[in-house]
Amino acid sequence: MSRSFEDVSVGEELPELSIPLTRTMIVATALASRDYQDVHHDPSLAVERGSKDVFMNILTTNGLVDRYVTQWAGPAAVVKAIRIRLGAPNYPGDTMLLTGTVSAKDDGGRVEIKVRGTNAIGPHVTGTVVVQLQGSGA
Amino acid sequence: MSEYEERLQAWVGRPVGTVRTGQDPVNVPMIRHWVEAMEDGNPVYLDEAAARATGREGVVAPASMIQAWTMRGYAASVREDPAGPDELTDLLAEGGYTSVVATDSEFEFHRELVPGDRVSVEETVDSISPEKNTALGAGRFVSTVKTYRDASGEVVATQRWRLLRFRPEDKAEPKPLRPRPAINSDNAFWFEAAREHKLVIQRCADCKSLRHPPGPCCPQCGSFDWDTVEAQGEGHVYSYVVNHHPRHPAFDYPLVVAVVELTEGTRLITNMTGVAPQDVEIGMAVVVDWIDPDPDLSLPVFRPAENKER
């Protein structure tokens, strides 16, 4: 079931999504995004380059934010924008909790959602996603 | 503006590298890898019927996946690029900014990608910040704009992209502590005196013979009564070795381990200071000096006597 534009109101909160950050997942997502930078799979080189361990790549953060919002919006939603800023790295063994709030609606059927993903260190990602929803407003 | 700054700022407005076309067109196997790894259950990426039910002509690629289509791939990531390295990356490395972390990504999607789409990307430098101190180290934010096009040249997405290029901070491990002496009630007095930079010698209270290392009982007369005298701190090298291996991380090598005979007659195992290992000689006159390897430990070491006045 896809959410229709009329169903959505500004201020509405998305259900939370908790994502366990396993080492395998961090490596698998880096490779699925064709990102072979050593900091995303090689712990000793990651330390040499100033990190405490391997960490999630930004393409994956984009993918997870995309997944989070479209899971709520439904398959008919079309993603029009994903704007993110990264903060605390996603290290293996941590958990990221994604939360979201509808922050704006326009007349063209577009809905903006503010998204925040927090791990044990602090905010990993903050940003907005814009989706085009179906409905008479579209 | 420094010459380096000028060379950096000359990049603003210029393209980074050439237009790069994805090695493969948009395709279902790569989409499947992506949605599996992301655990994305949206059916429009793999299920034709579900995609059509939403009004689409067929399956589409996840919007966020667009950057993956034009990634260089494994071979180019791990090998020197025969066409020459990325000059901007080189210029930043010249300034010491050898590490990189992505900080911002702002996508605007113009249309959904479908299997068969051939995506290319062109990246242009938007700005290069002055050096900033960040939690990761001193670095510069490099902002670029990536423009994604399909085979007909139509823009399918744009991405404002910001990287922090930084100098990794030297995370040298603190030097490990020197091994702890095994202190017990028989020898504690000696290490306590050492903490005050006093070299003491245990003396039998009955026969007055001196002994070291400390012990509960006089080896001469068997008495358990004892007191101490303070040594003058002078003596000579009775014997020594130079340790090269195995190494303990708390020590500097080569490490001279000497047996010094004090003028009072007792000997102690110690280290040498103020002398190169090859210059140590048996019989060399030495005087005591003190080291404080950490707040809980002070130990006597010995230096050549002729250095005393320096």
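The residue that is farthest from the chain's Cα centre (by Cα), counting only those in segment B:54-71 that are more than 8 Å from chain A (Cβ to nearest Cβ) and closer than 18 Å to A:ASP35 by Cα, is B:ALA61. Cβ-Cβ contacts under 6 Å between residues 6 or more apart (or on different chains), taken from a first residue in segment B:40-53 that is more than 9 Å from chain A (Cβ to nearest Cβ) to a second residue that is open to solvent by 70 Å² or more (accessible area, probe 1.4 Å) and in a loop (DSSP other than H, G, I, E, B), are absent.
So that you can scan it fast, the table gives a plain yes or no per residue for (1) in the same structural domain as B:PRO214 (by TED's automatic domain parsing); (2) open to solvent by less than 40 Å² (accessible area, probe 1.4 Å):
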| position | (1), (2) |
| --- | --- |
| B:ASP126 | no, no |
| B:THR134 | no, yes |
| B:GLY139 | no, yes |
| B:VAL142 | no, yes |
| B:ARG149 | no, no |
| B:SER152 | no, no |
| B:VAL156 | no, yes |
| B:ARG180 | no, no |
| B:ALA193 | yes, yes |
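Looking at A:SER2, A:SER9, just one residue is assigned to a loop (DSSP other than H, G, I, E, B), open to solvent by 10 Å² or more (accessible area, probe 1.4 Å), at the interface with chain B (Cβ under 8 Å from one of its Cβ atoms) and touching a residue at least 12 places away in the same chain (Cβ under 8 Å), and that residue is A:SER2.
Apart from one condition, B:ASP86 fits all of (1) touching a residue at least 60 places away in the same chain (Cβ under 8 Å); (2) under 30 Å from A:VAL131 (Cβ atoms); (3) open to solvent by 40 Å² or more (accessible area, probe 1.4 Å); the exception is (2). Looking across segment B:195-237, the residues that are at positive phi and open to solvent by 40 Å² or more (accessible area, probe 1.4 Å) come down to B:HIS197, B:LYS208. When the residues of segment B:1-43 are filtered to those that are open to solvent by less than 30 Å² (accessible area, probe 1.4 Å), farther than 17 Å from A:ASN62 by Cα and part of a loop (DSSP other than H, G, I, E, B), the one that is modelled with the lowest pLDDT is B:VAL16. Regarding segment A:82-89, can at least one residue be identified that is open to solvent by less than 40 Å² (accessible area, probe 1.4 Å), in contact with a strand residue (DSSP E or B) (Cβ under 7 Å, 6 or more places away or on another chain) and in contact (Cβ under 8 Å) with a residue 60 or more places away in the chain? There is no residue in segment A:82-89 that is open to solvent by less than 40 Å² (accessible area, probe 1.4 Å), in contact with a strand residue (DSSP E or B) (Cβ under 7 Å, 6 or more places away or on another chain) and in contact (Cβ under 8 Å) with a residue 60 or more places away in the chain.
Among all positions in segment B:106-113, there is at least one residue which is at the interface with another protein chain (Cβ under 8 Å from one of its Cβ atoms) and of a type in the set (Phe, Trp, Tyr). Just one of the numbered conditions (1) more than 30 Å from A:VAL8 (Cβ to Cβ); (2) open to solvent by 30 Å² or more (accessible area, probe 1.4 Å); (3) modelled with pLDDT of 95 or more is not true of A:LYS52: (3). Summed over segment A:23-34, the residues that are in a loop (DSSP other than H, G, I, E, B) and open to solvent by 10 Å² or more (accessible area, probe 1.4 Å) give a count of 1. Hey, does segment B:81-95 have a residue that's among the small types (Gly, Ala, Ser) and more than 17 Å from B:PRO15 (Cα to Cα)? Within segment B:81-95 (the criterion being among the small types (Gly, Ala, Ser) and more than 17 Å from B:PRO15 (Cα to Cα)), the answer is yes, since at least one residue qualifies.
If you go through segment B:252-287 and keep only what is touching an Asp or Glu at 6+ places or on another chain (Cβ under 7 Å) and exposed (fewer than 13 other Cβ atoms within 10 Å of the Cβ), you end up with just B:THR263. The single condition among (1) surrounded by 12 or more Cβ atoms within 10 Å (Cβ to Cβ); (2) in contact with a Lys or Arg (Cβ under 8 Å, 6 or more places away or on another chain) that B:PRO249 does not meet is (1).
The values are calculated or read from the model by the stated rules, or taken from the named source; none is laboratory data. Remember, it's a predicted structure, so these values are computed and weren't measured experimentally. Cβ: placed from backbone, ideal geometry, glycine included. Neighbour counts: every protein chain shown. These accessible areas exclude ligands, DNA and RNA; they are computed on the full protein's heavy atoms, side chains included. Shrake-Rupley method; radii C 1.70, N 1.55, O 1.52, S 1.80 Å.
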